[in-house]
Every structure is written in C-alpha cells, then in structure tokens.
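Enquirer: Just passing along the structure, written as structure tokens.
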Amino acid sequence: QLQASGGGLVQAGGSLRLSCAASGCTLNTDAMAWFRQAPGKEREFVGALRWSLRRTYYADSVKGRFTISRDNAKNTVYLQMNSLKPEDTAVYYCAARINWNVQYTTARHYEYWGQGTQVTVSS
C-alpha cells in the first residue's frame, strides 16, 4: 500500500526528495514516518509527522537538514533531504500508523511499510 521512491546517488552536500505514495487506499493515517537502515546496522528512526497536529519530529542526526511534509491531495508523504552526508547512505523506508503512538521512534509500532529506496551519498 505504501510505495517509496526517489532514492539515488548524490554527492555530499547535495539534495534528494523521497516520496511515499499510498496506492489503493486513502492516506488516512495520523502518523507517518521515515526510517533508514545502513548495511550491518539496525533500522533507525529518521523523522515523523503527526498529521492531526501538523507537528514533525526528527532524529538529532538529521535535524535542520531533513524535512517531512504531506500532500493529502496526492496521497503522498515526502522527505526532503538537504546537505546530505556520506553517513546518510542507507535504504530509506516510509511507515505509517493510523493512530499516533508516543513511541513514534520505534519501528515495530508502525502498521504499514513501504518497500524501501536506496540513498547513496558519495564523498
């Protein structure tokens, strides 16, 4: 139901915008999030959007560089990534949960997942 796209290869300092489109259903979830997983590492929280309050939350490692937004008309959530660093290299996943959960940084609390899109940042 969630399809992530927009990944690719970019040089350090560059930008990418990831998209997460809900297909076959309406994006009626309050919690939307992005996670990432680098080779040999656990999946980690990147950022989340609580739609009902229009509030965003970010991991310290991406704060000030990444921005989550949502376009309900397009049934799509975005992750704008600026000032990319080699350490941002990972597979990025979008996730959704119908109701907001205070443990929004924990992957297992999300009900729906996209398939992942690879982001590679070269130095």
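The values are calculated or read from the model by the stated rules, or taken from the named source; none is laboratory data. Note that the structure is a prediction, hence the values are computed from the model and not measured. When we count neighbours, we look across all protein chains shown, and the Cβ atoms used for this are built from the backbone with ideal geometry, even at glycine. Remember, those area values only see protein heavy atoms, side chains included, never the ligands or the DNA or RNA. Shrake-Rupley method; radii C 1.70, N 1.55, O 1.52, S 1.80 Å.
Enquirer: For segment 1-12, indicate whether the set of residues that are touching a strand residue (DSSP E or B) at 6+ places or on another chain (Cβ under 6 Å) and β-branched (Val, Ile, Thr) is non-empty.
Expert: Yes, because at least one residue in segment 1-12 is touching a strand residue (DSSP E or B) at 6+ places or on another chain (Cβ under 6 Å) and β-branched (Val, Ile, Thr).
Enquirer: Suppose we filter 82, 99 for residues that are closer than 18 Å to residue 1 by Cβ, open to solvent by 20 Å² or more (accessible area, probe 1.4 Å) and polar (S, T, N, Q); which single one remains? Walk me through it before giving the result.
Expert: Details: 82 fails: closer than 18 Å to residue 1 by Cβ.
Answer to the selection: 99.
Enquirer: Something else: Hey, among the residues in segment 10-29 that are open to solvent by 30 Å² or more (accessible area, probe 1.4 Å), outside any strand (DSSP E or B) and modelled with pLDDT under 95, which one's farthest from residue 72 (Cα to Cα)?
Expert: 24
Enquirer: Might you let me know whether segment 92-109 holds any residue that is closer than 19 Å to residue 10 by Cα, part of a strand (DSSP E or B) and touching a residue at least 24 places away in the same chain (Cβ under 8 Å)?
Expert: Taking segment 92-109 first, the residues closer than 19 Å to residue 10 by Cα are 92-93.
Cutting the leftovers down to part of a strand (DSSP E or B) gives us 92-93.
Adding the requirement that they be touching a residue at least 24 places away in the same chain (Cβ under 8 Å) leaves 92-93.
Yes.
Enquirer: Could I ask something else about it? Could you grab me the full set of residues in segment 30-40 that are in a strand (DSSP E or B) and open to solvent by 30 Å² or more (accessible area, probe 1.4 Å)? Walk me through it before giving the result.
Expert: Step one: of segment 30-40, the residues in a strand (DSSP E or B) are 31-37.
Of everything in segment 30-40, just one residue is in a strand (DSSP E or B) and open to solvent by 30 Å² or more (accessible area, probe 1.4 Å), namely 37.
Enquirer: Taking only segment 41-53 into account, find how many residues are under 22 Å from residue 123 (Cα atoms) and either open to solvent by less than 30 Å² (accessible area, probe 1.4 Å) or at pLDDT below 95 (or both).
Expert: 1
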